[in-house]
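The block underneath contains the structure these notes are about, expressed in structure tokens.
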Amino acid sequence: MGTNEKLLVLYPTKEGIIVKTLFYYDEIAAIPKSVPRMKLDENELNMAKMLIENMTKPFVAEEYQDEYQARLREAIMKKIQGQEIVAVDTGTTANVIDLMEALQKSLELSNKKDEESKKKLTGTA
């Protein structure tokens, strides 16, 4: 069937950020009691803070679907009905990107939009 997507949640704590994989909306677990300390570069920390501020929105579990499970159920139903299951070729080369570079560009674009909005509000162009 190929690869499947993972739904993640980020828990900010005083010691760092915890990443937890979610499968269904009723499987959200409590924050662990102890978290190991990580050393972060100042640039990484600033970029992470800007990224979190720009992408923060309320979490609505119903907006996310497990597409892998849906395709698997569909294949099982076809097999039960006696239909032939044809495997899809997923052998295409993945587009590999430099994550830090992509995040930096995203933050730069976000900052430009913020500056343009401020100029429109103040009437200076």
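Laboratory data are not the source of any read-out in this text; all were calculated from the coordinates shown. Keep in mind that this is a model prediction, so the values were computed, not measured. In this analysis, Cβ positions are derived from the backbone assuming ideal geometry, glycine residues included, and neighbour counts consider all displayed protein chains.
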Report summary line: Any chymotrypsin sites (Phe, Trp or Tyr not before Pro) in the range 5-54 that lie in a DSSP loop and have at most 16 other Cβ atoms within 10 Å would be Phe23, Tyr24
Query raised in the report: In what order do Ile52, Ile80 fall by count of nearby beta-carbon atoms within 10 Å, going from fewest to most?
Result: Ile80, Ile52
Report summary line: Karplus ³J(HN,Hα) for the range 35-41 (6.51 cos²θ - 1.76 cosθ + 1.60, θ = phi - 60°; Hz, whole; x = Gly/Pro) runs 10, x, 7, 10, 8, 10, 6
Query raised in the report: Between Leu7 and residues 5 or more places away or on another chain, which pairs have amide H atoms under 5 Å apart, with H built 1.01 Å from N, and which residues are they?
Result: Leu22
**Report entry** the range 25-64 shape via C-alpha gyration tensor axes, a/c threshold 1.5
**Finding:** oblate
